[in-house]
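Values in this text are rule-based calculations from the coordinates and carry no lab data. None of the values given here were measured: they were computed from a predicted structure. Heads up, the Cβs are rebuilt from the backbone with ideal geometry, glycines too, and the neighbour counts pull from every protein chain shown.
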Amino acid sequence: MAIKFSQNNEILKGIEQTEIERKFIALDSSVLDHYRRSASRITQLYLSHPDDEYSLRLRKSVAPDGEISFVATLKDRGTVTPEGLVRMEIETPISEAAFDHYSQDDYPHLHKERAQLCEGVTIDWIDGSDTPIIEVENAALNESAAQFLSIFSEDLIERTGHSDVDNESLAYAIYEGSLERPPEVSADQIVEDILAYRSIGTQQLVVGIGGRSGSGKSTLARELQDAIAAHPDLGDHAGLVSTDDYHVGKNYLEATYGAPWTNWEDARVYDTALLAQDIAAWREGQPIVQRQFDFTTEEPVFGEPLPDSNILIVEGIHAGSRHLAGQRQIFYEVATPLSVSLGRDLKRLLATNRNQAAMKSPEERLRYIVEIGEPTYQTIDHAPRNSFSGCARPMGGQALKQANL
């Protein structure tokens, strides 16, 4: 089929971290075979699922001369336009150690060979497939790629946006493992637990909400505050603190453990033992003084005391800390997949320009999460999700149903 192509580069003007991609197969794939001699050998791991909001891929490339490189790439799902699939793309080199770390887990992967015809045009031969895939990137800004399309358009069949040319979908097609996703958590579920505790006479309650950065735990915590305030049998203003607010500060970390400090997920960054002391004092009627982490100075700042409340919500990466085990009655982990959490985190960074001094760009943030953040998150305290007793929890569920009538 002939391919119509317009030289419209307005889509990319002023937008960094964006790609426009088109994919094709050749009417006669044998004409591409001689390019295979110059192909690199590639292994790709997918830390995401095709149904996820974002795709997260790790790639190992071995060039014909033996040079090895490792790259992490995060993309959103994008939109198919006449120019191609337009989507956010953030890419950064990563270490061999990081690639090897994830290679040890059972993630979907594929192997392929890739040759570059010219700038912006590549051919992939995926192991187990007889059909090479031609990929053209950013042709509106790339003269050689545009020229390739102009010359060979009659010899190509466009498959942009189809799963049969999507590497992630192809990796899952041959994947024999199972990536189970935990059930989602809602504010109503947590309210049921709160009502169950109230039904047996427990008045002061601490609710923990954990999860990765970008997982939605802060959003869930705010939704829970609203649900508690709106419920006729509760009607309380629930207090809210974050383990992030108990950041000890960069100066202390570097004075104590050495400079530069780079691991912001490490348990030593957050004084959860002090938070546990503050909660214990709150149970005795003393207010908790609000704290906040200043992303510019990378130091904590202090505010006003929290309003009085009989319910306290503690959210944060370290909300499952063992230091808090004796204080919280309820705990939920927001198990948003890494790719989605990271995508939301980076999109928020791009939208708000909320750059931490140590990570000034989305690429630096992506590299940090892949190399340091996620491996650390996998090792921190993760409290078990509370399951209230079979006799009491239904009371909470019944009370919630009655309130909604």
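Couplings 3J(HN,Hα) of the stretch 283-297, computed from phi: 5, 8, x, 8, x, 9, 7, 5, 10, 7, 8, 8, 6, 7, 8 Hz, in residue order, whole Hz [Karplus 6.51 cos²θ - 1.76 cosθ + 1.60, θ = phi - 60°; x for Gly and Pro].
Judged by the gyration tensor of its Cα atoms, with axes a ≥ b ≥ c, the stretch 235-322 is prolate; a/c meets the 1.5 cut and a/b is the larger of a/b and b/c.
Could you sort 29-41, 147-159 so that the peptide with the highest average Cβ count within 10 Å comes first and the rest follow in order?
Packing proxy ranking, top to bottom: 147-159, 29-41.
Considering only the chain, what is the antiparallel percent among its DSSP beta bridges, to the nearest 5? Antiparallel bridges: around 80 percent, rounded to the nearest 5.
Residue-wise HN-Hα couplings along the stretch 256-261, as the Karplus relation 6.51 cos²θ - 1.76 cosθ + 1.60 with θ = phi - 60° gives them from phi, are 8, 10, x, 10, x, 8 Hz; Gly and Pro carry x.
Evaluated at q = 0.13 Å⁻¹, the base-10 log of the normalised Debye intensity for the chain, with identical point scatterers placed on the Cα atoms, takes the values -1.10.
Note that the stretch 310-322 has calculated 3J(HN,Hα) couplings of 9, 10, 10, 9, 10, 10, x, 4, 9, 5, x, 3, 5 Hz, one per residue in order, obtained from phi through the Karplus relation 6.51 cos²θ - 1.76 cosθ + 1.60 (θ = phi - 60°); glycine and proline are x. Could you tell me whether the stretch 27-151 comes out rounded, prolate or oblate from its Cα gyration tensor? Rule is a ≥ b ≥ c as square roots of the eigenvalues, rounded for a/c under 1.5, then prolate if a/b exceeds b/c, otherwise oblate. Judged from the Cα gyration tensor, the stretch 27-151 comes out oblate (a/c at least 1.5, b/c at or above a/b).
Set Lys and Arg Cβ to +1 and Asp and Glu Cβ to -1, take the dipole of the stretch 187-404 about its Cα centre, and tell me which of Pro305, Gly216, Val241 lies farthest positive. The listed residue farthest towards the positive side: Gly216.
When the Cα gyration tensor is reduced to axis lengths a ≥ b ≥ c, the ratio a/c is 1.5 or higher for the stretch 212-270, and with a/b above b/c it is classed as prolate.
Distance cut-off 18 Å, Cα to Cα: go down the list Lys75/Lys347; Lys75/Lys217; Lys217/Lys360; Lys75/Lys112; Lys23/Lys60 and report the pairs above it. Each step should come with its number before you reach the end.
Numbers: Lys75/Lys347 11 Å; Lys75/Lys217 22 Å; Lys217/Lys360 24 Å; Lys75/Lys112 20 Å; Lys23/Lys60 21 Å.
Flagged as over cut-off: Lys75/Lys217; Lys217/Lys360; Lys75/Lys112; Lys23/Lys60.
Note on the stretch 86-101 and the stretch 166-192: Cα centroid distance 22 Å, given to the nearest whole angstrom.
So, counting K/R as plus one and D/E as minus one, what does the shell of residues with Cβ under 13 Å around Ser30 add up to? Mind dumping the intermediate values first?
Working: positive: Arg36; negative: Asp28, Asp33, Asp130, Asp155.
That sum, taken over residues with Cβ under 13 Å, equals -3.
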